[in-house]
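Just so it is clear, none of the values below were taken in a lab; they were calculated from the coordinates. Just so it is clear, the structure is predicted and the values come from calculations on it, not from any experiment. Neighbour counts are summed over all protein chains in view; Cβ atoms, including those assigned to glycine, are modelled from backbone coordinates with ideal geometry.
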Amino acid sequence: MNQASYVERRGEIEHYFDRTAAKAWEVLTSNAPVGRIRATVRKGRDEMRHTLLSWLPQDMRGLRLLDAGCGTGALAQEAMRRGAEVLAIDLSPTLVNLARDRHAQDLLTDPTLSAKGGNITFLSGDMLSAEHGEFDHVVCMDSLIHYDTQTIANAVEALTKRTRHSVLFTFAPHSPLLAVAHAMGRLFPRSDRSPQLAPVRKTTLHVYIERAVREHGWRPGHMQRVSSGFYTSQAWEWKRT
């Protein structure tokens, strides 16, 4: 991995989600009314989260999960409900604090949330840091979509080295329509732009990841694209055999 490039990109993403877009994400991930465009994004993200959760065990008691790029914590809470020990990490301290506050409130109002003995530790930092230890499963929902193909493959490789069973992640699939949308997005004032997505080709990404992890027993599993208006993302499961 080009560490300097990764760190620079990570800094851009942290700045955007921690400052520019924090309030927008607080609303988007709530039940508050939103406009038509954001409603499609909310719907797409909900569908993607349900897809990724469907690839995890229903009973996760005794299992450790890394929710890498946890945002406001919705996926982490569902994993906890299944009994998982979750480390929920995000670059944005603002979003992590919001996730922590929502979780505390939900614990007060929903006694079934911890019925299976699960728990969540919220942390702001780098999802790839080895100091977080080992996991049974890792989920990266839309936390790698701003990186190029090689960086995504390197990140998946780094995560598999500390994971026993599966790594689930999403990427922005390359398509002519998405390329046009990204070109239009560059017309907006720089202060209003989100970090640009990096559309990647599945075949190229497959080659890069397989080259890095195949000899360690990792193989591709489920794949599912979710498209909802202004939201398009592709989920991919890699499993240790």
Environment charge at residue 59 (Cβ cut-off 9 Å; Lys +1, Arg +1, Asp -1, Glu -1): +3
Fraction of beta bridges assigned by DSSP in the chain that are antiparallel (%, nearest 5): 45 percent
Fully extended contour minus Cα-Cα distance, from residue 225 to residue 7, at 0.36 nm per residue: 75.7 nm
Where Cα atoms sit under 29 Å apart: lysine pairs in the chain separated by 8 or more or lying on different chains: 9
Protection-proxy order for peptides 123-133, 164-174, each taking the mean of Cβ atoms within 10 Å per residue, highest first: 164-174, 123-133
Rounded if a/c under 1.5, otherwise prolate or oblate - the range 107-160, Cα gyration tensor axes: prolate
Residue 221 long-range amide H proximity, modeled H, under 5 Å: 237, 238, 239
Built amide H within the under 5 Å cut-off of residue 141, gap 5+: 68
Ranked list, fewest to most other Cβ atoms within 10 Å of each Cβ, for 140, 70: 140, 70
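Could you calculate the contour length gain from residue 129 to residue 114, that is, 0.36 nm times the residue separation minus the distance between their Cα atoms, to one decimal place in nm?
Working it through step by step, the gained length comes to 2.7 nm.
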Cα gyration tensor, the range 39-153 - rounded (a/c under 1.5), prolate or oblate: rounded
